[in-house]
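Beneath this line is the structure, given in structure tokens, with notes to follow.
The values are calculated or read from the model by the stated rules, or taken from the named source; none is laboratory data. Note that this is a predicted model, so its numbers are computed, not measured. Because the Cβ atoms are built from the backbone with ideal geometry, glycine has one as well, and the counts that use them run over all protein chains shown. The area values use the complete protein model at the heavy-atom level, side chains included, leaving out ligands, DNA and RNA. Shrake-Rupley method; radii C 1.70, N 1.55, O 1.52, S 1.80 Å.
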Amino acid sequence: MTIKRLHVGPRLSEAAIHGGVVYLAGQVAEDPSQDITGQTQQVLAAVDRLLAEADSDKSCILQATIYLRTMADFPGMNAVWDTWVVPGHTPPRATVQAALARPEWKIEVVVTAATSAETGAASCG
């Protein structure tokens, strides 16, 4: 089997696809001046875009790991997350507090998802 990579850079790729599974790099806000609501919306929009490029969507997420700079942002992040996930297809998830690579980042999200090739359907929902 081959490995397909999306948005390959000198240090990392934004996604790798292998065996019907897409692995996303950690997604962070493009505009880190926003609060946790804005940053979470940006990050989840980036996840949506990358999954679509990989022939997947948020209903196919197998696992998500969320890194927060401070757990004080947990309720704000959850408020956005709860409106974003597909009811009945909420993925296994872990949320941890972590020192992120840039101090202005409040959230980073890592996702693994099945692709349509794996599910044999247009989406998993």
Original post:
Who wins for biggest fluctuation among Gly88, Gly19, Gly38 in a Gaussian network model of the chain, springs between alpha carbons below 10 Å?
Top reply: Gly88
**OP:** Quick one: pull the percentage of alpha-carbon pairs in the chain with a separation above 17 Å.
**Re:** 55 percent
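With a cut-off of 8 Å between alpha carbons and a minimum separation of six or more residues, what is the relative contact order of the range 19-125 in percent? If you can, show how the numbers build up before the last one.
Details: 197 pairs, mean separation 47.8, N = 107.
Once divided by the residue count of the range 19-125, the mean separation gives 45 percent.
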Original post:
Using Cα atoms only, what is the angle between the long axis of helix 74-84 and the major principal axis of the chain, expressed in degrees (0 to 90) to the nearest 10?
Top reply: 30 degrees
**OP:** Could you sort 93-103, 75-85 so that the peptide with the highest average Cβ count within 10 Å comes first and the rest follow in order?
**Re:** 75-85, 93-103
Original post:
Which FRET efficiency, nearest 0.05, do Trp84 and His18 yield, Cβ-Cβ r, R0 22 Å?
Top reply: 0.30
Original post:
Placing +1 at every Lys and Arg Cβ and -1 at every Asp and Glu Cβ, with all other atoms neutral, what dipole size does the chain have around its Cα centre, in debye to the nearest 20?
Top reply: 300 debye
Subject >> Modelled label reach - Ser33, point 7 Å along Cα→Cβ, the range 92-117 residues with backbone N closer than 18 Å >> reply: 103-107
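Using a probe of 1.4 angstrom, how much of the accessible area of the chain is carbon and sulfur, in percent? Don't skip to the end; give the middle numbers.
Numbers: 3540 of 6620 Å².
Using a 1.4 Å probe with all protein chains present, the chain comes out at 53 percent carbon and sulfur.
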